[in-house]
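K.L.:
Got a structure for you, written out below as structure tokens; questions coming shortly.
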Amino acid sequence: MSTDRQHYRRDVPGFGVVTIRPVRPDDDADLLHGWVAADRARFWGMRDASRERVREIYAYLDSLDTHHAYLVHRDGVPAALAQTYEPGADPVGDCYEVRPGDVGVHLLIGPAATVERGFTGALFGAILAFVLADPGRLRVVMEPDVRNDRMHRRLLRSGFRPGPEIELPEKSARLYFLDRPEGTDLATG
């Protein structure tokens with residue numbers, strides 16, 4: 001495993017090599033637009049956004065110190081879009097008591113060429129390891145749309161604890177929390 005602000009690489013036995021790099025708005029706009037505008041991404045909230053609007057949104061995120069977007073690859077093939085954010089600098093921070101070390105995460109799995117059992121779990125595990133590679137991050141916070149049953153099941157299978165239902169400007173959501181396990185370095189496996 002290697003990590004820095006620009007690039008992360010993790011060999012996942014039996015799955016492949018997961019690499020994570022910051023989104024490059026100009027270079028990645030076509031790919032991201034194809035993902036976020038698809039029906040399967042309805043909970044992402046950007047289905048009606050034009051390619052240029054998607055590029056603008058990710059250029060804006062790229063300008064922030066509190067929010068970051070990453071393109072996740074498996075064996076060199078784009079597989080997911082992950083975003084991290086500081087909950088205290090986001091509307092979600094008004095909906096619960098933010099703790100030092102909290103990090104918010106949004107996740108959009110890209111369309112798969114073929115269905116592969118265990119794919120999402122393995123990829124999500126590598127993304128969580130990336131997020132928690134920073135030892136100052138003590139708890140992961142996620143807030144999927146209340147209607148996103150697949151994500152709720154995924155979070156529960158991944159060890160997240162459900163929190164309260166909240167109202168955000170663009171959705172009704174359920175909070176989920178995952179504490180960093182004591183004495184475990186999730187960044188190294």
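K.L.:
Considering only the stretch 68-86, I want to know if a residue exists there that is in contact with a strand residue (DSSP E or B) (Cβ under 9 Å, 6 or more places away or on another chain) and either part of a helix (DSSP H, G or I) or among the aromatic types (Phe, Trp, Tyr) (or both).
P.N.:
Scanning the stretch 68-86 turns up at least one residue that is in contact with a strand residue (DSSP E or B) (Cβ under 9 Å, 6 or more places away or on another chain) and either part of a helix (DSSP H, G or I) or among the aromatic types (Phe, Trp, Tyr) (or both).
K.L.:
Here are some conditions: (1) in contact with a Leu (Cβ under 7 Å, 6 or more places away or on another chain); (2) closer than 23 Å to Leu32 by Cα. Phe160 meets all but one. Which one does it not meet?
P.N.:
Only one criterion is unmet by Phe160, namely (2).
K.L.:
Further, regarding this structure: Restricting the first residue to the stretch 7-24 and requiring it to be free of Cβ contacts under 8 Å to residues at least 12 places away in the same chain, which pairs with a second residue that is outside any loop (DSSP other than H, G, I, E, B) meet a Cβ separation below 7 Å and a spacing of at least six or different chains?
P.N.:
Arg9/Ser2; Arg9/Val17; Arg9/Thr19; Asp11/Val17
K.L.:
Let me ask something additional. Given the condition in contact with a helix residue (DSSP H, G or I) (Cβ under 7 Å, 6 or more places away or on another chain) and among the aromatic types (Phe, Trp, Tyr), answer yes or no: does some residue in the stretch 116-128 qualify?
P.N.:
So far as the stretch 116-128 goes, yes, one or more of its residues are in contact with a helix residue (DSSP H, G or I) (Cβ under 7 Å, 6 or more places away or on another chain) and among the aromatic types (Phe, Trp, Tyr).
K.L.:
Now for a separate question. I want to confirm something. Restricting to the stretch 95-123 and keeping residues that are charged (D, E, K, R) and surrounded by 13 or more Cβ atoms within 10 Å (Cβ to Cβ), which single residue is farthest from Asp28 (Cα to Cα)? Don't jump to the end; show me each part of the working.
P.N.:
First, pick out the residues of the stretch 95-123 that are charged (D, E, K, R): 97, 99, 102, 116-117.
Within this subset, residues satisfying the condition of being surrounded by 13 or more Cβ atoms within 10 Å (Cβ to Cβ) are 99, 102.
On the way: Arg99: 33, Asp102: 28 Å.
By that ranking, first place goes to Arg99.
K.L.:
Counting just the residues of the stretch 25-81 that are among the acidic types (Asp, Glu) and surrounded by fewer than 13 Cβ atoms within 10 Å (Cβ to Cβ), which one comes out nearest to Leu168 (Cα to Cα)? Steps first, please.
P.N.:
Kept after step one, since they are among the acidic types (Asp, Glu), are these residues of the stretch 25-81: 26-28, 30, 39, 48, 52, 56, 62, 65, 75.
Next, from what is left, pick out any that are surrounded by fewer than 13 Cβ atoms within 10 Å (Cβ to Cβ): 26-27, 30, 39, 48, 52, 65, 75.
Working: Asp26: 29, Asp27: 30, Asp30: 28, Asp39: 21, Asp48: 19, Glu52: 25, Asp65: 22, Asp75: 36 Å.
Filtering the stretch 25-81 for residues that are among the acidic types (Asp, Glu) and surrounded by fewer than 13 Cβ atoms within 10 Å (Cβ to Cβ), the one nearest to Leu168 (Cα to Cα) comes out as Asp48.
K.L.:
Would you pick out the residues in the stretch 117-134 that are over 16 Å from Leu156 (Cα atoms) and not in a helix (DSSP H, G or I)?
P.N.:
Within the stretch 117-134, Arg117, Leu132, Ala133, Asp134 meet the criteria.
K.L.:
Looking at (1) in contact with a Leu (Cβ under 8 Å, 6 or more places away or on another chain); (2) buried (at least 17 other Cβ atoms within 10 Å of the Cβ); (3) more than 20 Å from Gly14 (Cβ to Cβ); (4) charged (D, E, K, R), which one does Asp90 not meet, given that it meets all the others?
P.N.:
(1)
K.L.:
Next up: Within the stretch 95-116, work out how many residues are touching a Leu at 6+ places or on another chain (Cβ under 9 Å) and either at pLDDT 95 or above or part of a strand (DSSP E or B) (or both). Before the answer, list the steps.
P.N.:
Taking the stretch 95-116 as the starting set, the residues that turn out to be touching a Leu at 6+ places or on another chain (Cβ under 9 Å) are 95-96, 99-103, 105-110.
In the following step, the residues that additionally are either at pLDDT 95 or above or part of a strand (DSSP E or B) (or both) were identified as 95-96, 99-103, 105-109.
Of the residues in that region, 12 qualify.
K.L.:
Which condition does Ala129 not pass, out of (1) buried (at least 17 other Cβ atoms within 10 Å of the Cβ); (2) within 23 Å of Met46 (Cα to Cα), if it passes all the others?
P.N.:
Failed condition: (2).
K.L.:
Could you check the stretch 30-53 and list, in sequence order, the residues that are more than 17 Å from Leu107 (Cα to Cα) and in a helix (DSSP H, G or I)?
P.N.:
Filtering the stretch 30-53 down to residues more than 17 Å from Leu107 (Cα to Cα) leaves 30, 48-53.
Asp30, Arg51, Glu52, Arg53 - these are the residues of the stretch 30-53 that are more than 17 Å from Leu107 (Cα to Cα) and in a helix (DSSP H, G or I).
The values are calculated or read from the model by the stated rules, or taken from the named source; none is laboratory data. The model shown is predicted, which means the values in this text are computed figures rather than measured ones. Every residue, glycine as well, gets a Cβ built from its backbone with ideal geometry; the counts of neighbours run over all protein chains shown.
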